[in-house]
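K.L.:
The structure's right below; bear with me while I get my questions together.
The values are calculated or read from the model by the stated rules, or taken from the named source; none is laboratory data. Every value quoted in this text rests on a predicted model; they were computed, and no experiment measured them. All Cβ positions, even for glycine, are placed from backbone atoms using ideal geometry, and neighbour counts span all protein chains on display.
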Amino acid sequence: MSKTPPPDQGVETPSDDRSMGRRMGFAALLLSVSIFLSKILGFLRDAVIAYLHGAGLTTDAYFAAFQLPDLMNYFLVGGTLSITFIPLFSAYIARDDEEGAWRLFSTIASTMGTVLVVMAALAWIFTPWFVSVYFQGFTDPDQIDLVVTMTRIVIPAQLAFYFGGLIQGSLFVREVFWPAAVAPLIYNLCIIAFGIALEPTLGIRGFAIGVVVGAFLGPFLMPYLAARKELVFRFRFAPTDKDFRAFIILTLPLMIGVSLVTVDEWFLRYFGAIQGEGAITWLHNGRKLMLLIFAVIGQAAGQAALPYLSRLYHEGKEAEMGRMLANSLQRVAFLSLVGTAGLLSAAYPMTFLAFRRGEFTAADAEITALLLCLFALGLVAWSVQTLAVRGFYARKDTLTPMVIGTVTVVLAIPVYLFLHDTYGVPGLAAATSIGITLNAVATIFVYRWRKGELPLTPVLAGCARGLLHGALAGAAAYAVYLLLRPDDLDAGFLALTLLLTAMATAFFAVFAATTTLLKPPEMDVVWQKIRRRIPG
């Protein structure tokens, strides 16, 4: 009778999986806190812009100035770098091949970095042509000139995002997450600081300068400082290298395909320009308020999950990978639906508190709050989609998500056109929620069909429980709103703060009561941590 070898001889034990799950949970928590703080700073940034410039030609020009840099980020893999680089780098680390891992890093950094520098120069040159083609709805010559100027200012920031993202990818594989937590805080602080400091001389252009400074001090410098002792880089321009070819094969679908997660913002800017003065700003602000909750729940979970899912896949643990993904989807769906209830109940006072001051009028706040409600209906889909697609990426499968995303975008275009023509700006917000829901459902369906290892019963149960607990908590918060709301929401900072505080107290009190009574499994980890901290 053979004896079971001890764990240190290579046999994986259930405690190993639990330990990995705990580390993943801690990483998600760290990134959630960081993203939440970053989004708060983002709100402060947008609130300062709204106070100084309101919602009009100038603010529309500022948000439009990010369109060309965003396109560069998307098509030159800056935005998808961690998705394609982490699985390749992780494979080398799993084989204890440090030299191969850093050779891969050097090849990608040198080769794609060279391409990015060249494309940034071309983008700078052709900015006027791009603005004239994409933003045909802009007719004011001064506004067009402002878009061109600020676009050219922002373009160099993409270099910082690219190289910083590559370094951060190597840190994620080693489970070093603090630079990713700190970088966005520095980024947003720089935008605010430079925007305020340069406002008297440069106007809204100062915020664009803050973007560039913040990108280099945050997303680039923080990962570099964390990795400088281990980082091994030698310039290696090698477009025919086998590792670089593997990287391109993984990346190409993401470069040539499209995803509604990204394209939605492009649609909103394009159609918003047609809708007239202020539309782009209203859509941006309403969408950002919704994305605050999404970032804390869905974005953080997606960032934290990919390194662990990749490791399980490389170790051949398909069943464990499926269970981890399903459990994560279950919790994310539950929390997202609770978050949706909170947003719907507090949309109007929240929007007035965040933006109604200075040049941002009560009418601007009213339309922004309506848009927030429509965006909030898609919150669960945003969160589920962001996490579910990591199941493909962990398997080095970028082609399938590209096909799903591209088909979804094609199907969604008539929705945007119809709702844009029929309902104007609110129709665009509704189209966003409809489109992303279609994308999320398709992603989960195809993953389940192609890969199999994804239990859906717990995910659906998590959705049902999220609806129940969210509806009860949201109803309590809205009842407080009806009871205490001022005759005019334009009642000032103190009155709105007290109102929202009372609403939040009711919301979380009811949520705590219902989760304590019904004990939904999605809250087990939270309650366990609370019980451990209570003496006796």
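K.L.:
Restricting the range 218-254 to residues that are out of contact with any Gly (no Cβ under 9 Å at 6 or more places or on another chain) and small (G, A, S), which is surrounded by the most Cβ atoms within 10 Å (Cβ to Cβ)?
P.N.:
Among those residues, the one meeting the criterion is A226.
K.L.:
When you scan the range 504-525, how many residues do you find that are surrounded by 13 or more Cβ atoms within 10 Å (Cβ to Cβ) and modelled with pLDDT under 85?
P.N.:
Number of matching residues: 3.
K.L.:
Right, here's the next one. Among the residues of the range 476-503, which ones are in a helix (DSSP H, G or I) and crowded, with 17+ Cβ neighbours inside 10 Å?
P.N.:
Result: A476, A477, Y478, V480, Y481, A495, L496, L499, L500, M503.
K.L.:
Shifting gears a bit: For the range 306-340, enumerate the residues that are within 20 Å of the chain's Cα centre (by Cα) and either of a type in the set (K, R) or at positive phi (or both).
P.N.:
R331
K.L.:
Same structure, new question: Condition check: at pLDDT below 95 and outside any helix (DSSP H, G or I). Does A461 satisfy that?
P.N.:
So A461 fails the test.
K.L.:
Take M150 and decide whether it is under 16 Å from Q67 (Cβ atoms) and either touching a residue at least 12 places away in the same chain (Cβ under 8 Å) or not in a helix (DSSP H, G or I) (or both).
P.N.:
Yes: the conditions hold for M150.
K.L.:
Would you mention how many residues in the range 397-456 are over 20 Å from S310 (Cβ atoms), of a type in the set (F, W, Y) and buried (at least 23 other Cβ atoms within 10 Å of the Cβ)?
P.N.:
Looking only at that region, the number is 1.
K.L.:
Given the conditions (1) more than 28 Å from the chain's Cα centre (by Cα); (2) surrounded by 22 or more Cβ atoms within 10 Å (Cβ to Cβ), report the number of the one that T139 does not fulfil.
P.N.:
(2) is the only condition that T139 fails.
Okay, residues lined up against (1) more than 25 Å from A47 (Cβ to Cβ); (2) over 20 Å from the mean Cα position of the chain (by Cα):
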position: Q158; (1), (2): yes, no
position: F177; (1), (2): yes, no
position: G210; (1), (2): no, yes
position: K229; (1), (2): yes, yes
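K.L.:
Would you point out the residue of the range 82-108, among those that are of a type in the set (S, T, Y) and touching a residue at least 60 places away in the same chain (Cβ under 8 Å), that is nearest to T398 (Cα to Cα)?
P.N.:
T84
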